[in-house]
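Data block below; observations after.
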Amino acid sequence: MNTSPKAIATKILSVITGKIGFRSPEFETYDDAFEYCCQKTSDCYESSLLSQYKFEKFSNFLKDNGNLFSSPSANLLLFSISLFLRKEGAGVPRLIDFGGACGESIVLLSKIFGDEIFMNSWVCESPKQVKESQKWDFGMRMQFVSDLSHIINERDIDIFFTSGTIQYLPDPYEPLEEVAVAKVPIVALTRNNFSLNPKIVAQKSPLSSNGNGQHIGKYGNPSIYYPNISVKKTKVMDIFLSQGYEVLVDTSGTASGVYGKENFSGDIVMVKQ
């Protein structure tokens, strides 16, 4: 290891540049942000490399008996399940995990409900993520879909759960409006990126910060770019309040989904009686 003053200074500079030297450019539209990010990372969040990396990382996590309860979204997920189980005659919930990555939440719930949860839940993800899921044994046990509208219209959903996802959509509010109109009984949102002054930016994160588990060195650690739209909390609340929902939980939540100096976190659980 080179410990000369020049080498140390170079290392410090690279750390500073990589971690805090990037100023997220702002954009007028999501399309503009997407075009910029695609110049940096092919297909942005739809990157084949990113999808493969996340599934292999989680596969290793499962083989190593990783702690699913360590997830920052686990508390709100289990709270939502507890609400459902209070219902008379409650069995296995029909649940949508919107933006559910590699199905971590469903694997956790299988510890409670057994294999039946795999047939009663849907991981709604990008088409590339859905395609990648079929290459892994644990992924093929679950139902990965990319069409939220179809599932909501065809199934009698009990819980809509989403963690750190809506801020990466061209319209963060569109899926929430669908859920509210469909009157899904329990709605839980965690790891949100709220702002009083929403902006569209390009988010940069190292590959290693994506997915659940230990980093896989063979992939290197390139920077991944994708658009991020901070969300107006009052608008989210109004969508559901206008459909007769009651707010049960409204807390500061976990900050793991926050991106932006002036942004803030928030966990919300709403119920439709």
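The values are calculated or read from the model by the stated rules, or taken from the named source; none is laboratory data. On a predicted model such as this, the values are computed, not experimentally measured, just so you know. Here Cβ is always computed from backbone atoms with ideal geometry, including for glycine, and neighbour counts include all displayed protein chains.
From the residues in the range 245-273 that are closer than 15 Å to P198 by Cβ and of a type in the set (S, T, N, Q), which one is surrounded by the most Cβ atoms within 10 Å (Cβ to Cβ)?
Going residue by residue through the range 245-273, those that are closer than 15 Å to P198 by Cβ are 257-266.
Cutting the leftovers down to of a type in the set (S, T, N, Q) gives us 263, 265.
Details: N263: 23, S265: 19.
Going through the qualifying residues, I end up with N263.
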Q. S149: polar (S, T, N, Q), touching an Asp or Glu at 6+ places or on another chain (Cβ under 7 Å) and not in a loop (DSSP other than H, G, I, E, B), yes or no?
A. yes
**Q.** Single condition F161 does not satisfy, out of (1) over 18 Å from the mean Cα position of the chain (by Cα); (2) buried (at least 23 other Cβ atoms within 10 Å of the Cβ)
**A.** (1)
Q | the range 40-74 - residue that is touching a strand residue (DSSP E or B) at 6+ places or on another chain (Cβ under 8 Å) and in a helix (DSSP H, G or I) and, of those, farthest from T162 (Cα to Cα) | A | K40
Q.
Given the criterion closer than 17 Å to S121 by Cα and either touching a helix residue (DSSP H, G or I) at 6+ places or on another chain (Cβ under 6 Å) or not hydrophobic (A, V, I, L, M, F, W, C) (or both), identify the matching residue among T190, T162.
A. T162
Q.
I'd like the residue in the range 68-96 that is without any contact (Cβ under 8 Å) to a residue 24 or more places away in the chain and small (G, A, S) and, out of all such residues, is farthest from D137 (Cα to Cα).
A. G89
**Q.** Given (1) part of a strand (DSSP E or B); (2) over 14 Å from the mean Cα position of the chain (by Cα), index of the condition G253 fails
**A.** (1)
Q: Report the residue count in the range 1-32 for those that are in contact with a helix residue (DSSP H, G or I) (Cβ under 9 Å, 6 or more places away or on another chain), modelled with pLDDT of 75 or more and either in a loop (DSSP other than H, G, I, E, B) or among the aliphatic types (A, V, I, L, M) (or both).
A: 1
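Condition check ((1) surrounded by fewer than 23 Cβ atoms within 10 Å (Cβ to Cβ); (2) at positive phi; (3) not in a loop (DSSP other than H, G, I, E, B)) across all residues:
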{"position": "V92", "(1), (2), (3)": "yes, no, no"}
{"position": "I96", "(1), (2), (3)": "no, no, yes"}
{"position": "K128", "(1), (2), (3)": "yes, no, yes"}
{"position": "G139", "(1), (2), (3)": "yes, no, yes"}
{"position": "A180", "(1), (2), (3)": "no, no, yes"}
{"position": "L189", "(1), (2), (3)": "no, no, yes"}
Q. Taking only pairs six or more apart or across chains, which ones have beta-carbon atoms under 6 Å, a first residue in the range 97-112 that is within 18 Å of S146 (Cβ to Cβ), and a second residue that is assigned to a helix (DSSP H, G or I) and modelled with pLDDT of 95 or more?
A. D97/S105; C102/K54; C102/F55; C102/F58; S105/L77
